Ligand SMILES: N[C@@H](CCC(=O)N[C@@H](CS)C(=O)NCC(=O)O)C(=O)O
């Protein structure tokens, strides 16, 4: 059984969503943001002292999007497609981590994560500008397709959608990117995403 370490309010949310999409049995070890994250027991599964981490039998992984690739591979197609689409799913996963997430987090820290007195409006604006530049790329990729790689929902949607969830839930203005906005609505209203969102809201 897959064991996902991390409160659903953290990036563990993405992994819970992926496990739901994969139809894989899983349990959540609800490690929160407290001192437990640096405890020897948690460092055993994530030596970075961060959440999430995952155990699947003898396999122990950290990095939320790598965990999701593993979960999707267990399910196979369509969640983890074969052939060239597997490479495209990896491309969008790395793009999510290296292009979209830094800009989204710059905006997030300076709009809703840090206490109000520590937020920098200039940094928030820079994050929004950076994210909008990436959303221009995403808008073009989506085109007329419902999902990132075409007709089927894949782990690429789950990984990029997971990275953008905080912005979406905290009212980032996606208005200039109508296809992205509609795609995010589709993503987060899937039954698997709704199940993960319910766990997050209850945590
Ligand atoms: N790139 C990592 C980031 C993990 C991360 O920063 N997690 C946050 C929670 S969402 C955390 O553990 N923060 C606590 C800390 O940095 O001490 C991933 O995607 O898993």
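The values are calculated or read from the model by the stated rules, or taken from the named source; none is laboratory data. Computed from a predicted model, the values in this text were never measured in an experiment. All Cβ positions, glycine included, derive from the backbone under ideal geometry; neighbour counts span all protein chains shown.
Could you pull out every one of the helices (runs of 4 or more DSSP H) wholly within the stretch 110-203 that has 1 or more residues that are under 17 Å from residue 96 (Cβ atoms) and in contact with a strand residue (DSSP E or B) (Cβ under 9 Å, 6 or more places away or on another chain)? Outline the logic, then answer.
Details: elements: 121-142, 155-169, 178-188, 191-202.
Counting at least 1 such residues, we get 155-169, 178-188.
Would you confirm whether any residue within the stretch 152-166 is without any contact (Cβ under 8 Å) to a residue 24 or more places away in the chain and more than 18 Å from residue 9 (Cα to Cα)?
No, there is no match, as no residue in the stretch 152-166 is without any contact (Cβ under 8 Å) to a residue 24 or more places away in the chain and more than 18 Å from residue 9 (Cα to Cα).
From (1) more than 22 Å from residue 69 (Cβ to Cβ); (2) touching a helix residue (DSSP H, G or I) at 6+ places or on another chain (Cβ under 7 Å), pick out the condition that doesn't hold for residue 113.
(2)
Closer than 24 Å to residue 190 by Cβ, outside the structural domain of residue 90 (by TED's automatic domain parsing), within 12 Å of the ligand (Cβ to nearest atom) and surrounded by 13 or more Cβ atoms within 10 Å (Cβ to Cβ): is that true of residue 30 in this structure?
Considered against the rule, which asks whether it is closer than 24 Å to residue 190 by Cβ, outside the structural domain of residue 90 (by TED's automatic domain parsing), within 12 Å of the ligand (Cβ to nearest atom) and surrounded by 13 or more Cβ atoms within 10 Å (Cβ to Cβ), residue 30 comes out as no.
Considering (1) modelled with pLDDT of 95 or more; (2) more than 19 Å from the chain's Cα centre (by Cα), say which one residue 143 fails and leave the rest.
Just one mismatch for residue 143, condition (1).
Of everything in the stretch 46-58 that's farther than 15 Å from residue 25 by Cβ and surrounded by fewer than 17 Cβ atoms within 10 Å (Cβ to Cβ), which residue is farthest from the ligand (Cβ to nearest atom)?
The residue in question is 58.
Any idea which residue in the stretch 12-23 is nearest to the chain's Cα centre (by Cα), counting only those that are surrounded by 23 or more Cβ atoms within 10 Å (Cβ to Cβ) and over 15 Å from residue 56 (Cβ atoms)?
So the residue we want is 14.
Let me confirm something: among 86, 75, which residue is surrounded by fewer than 21 Cβ atoms within 10 Å (Cβ to Cβ) and under 15 Å from residue 17 (Cβ atoms)?
75
Kindly indicate which of 65, 61, 43 is surrounded by 13 or more Cβ atoms within 10 Å (Cβ to Cβ), touching a residue at least 60 places away in the same chain (Cβ under 8 Å) and either within 16 Å of residue 25 (Cα to Cα) or outside the structural domain of residue 148 (by TED's automatic domain parsing) (or both).
Matching residue, one of 65, 61, 43: 65.
For the stretch 181-203, name all the residues that are more than 18 Å from residue 138 (Cβ to Cβ) and surrounded by fewer than 17 Cβ atoms within 10 Å (Cβ to Cβ).
Answer for the stretch 181-203, where residues must be more than 18 Å from residue 138 (Cβ to Cβ) and surrounded by fewer than 17 Cβ atoms within 10 Å (Cβ to Cβ): 189, 191, 194, 195, 198, 201, 202, 203.
Is it the case that the stretch 19-27 has a residue that's within 12 Å of the ligand (Cβ to nearest atom) and in contact with a strand residue (DSSP E or B) (Cβ under 8 Å, 6 or more places away or on another chain)?
We begin by selecting, within the stretch 19-27, every residue within 12 Å of the ligand (Cβ to nearest atom); these are none.
The answer is no, given that none of the residues of the stretch 19-27 is within 12 Å of the ligand (Cβ to nearest atom) and in contact with a strand residue (DSSP E or B) (Cβ under 8 Å, 6 or more places away or on another chain).
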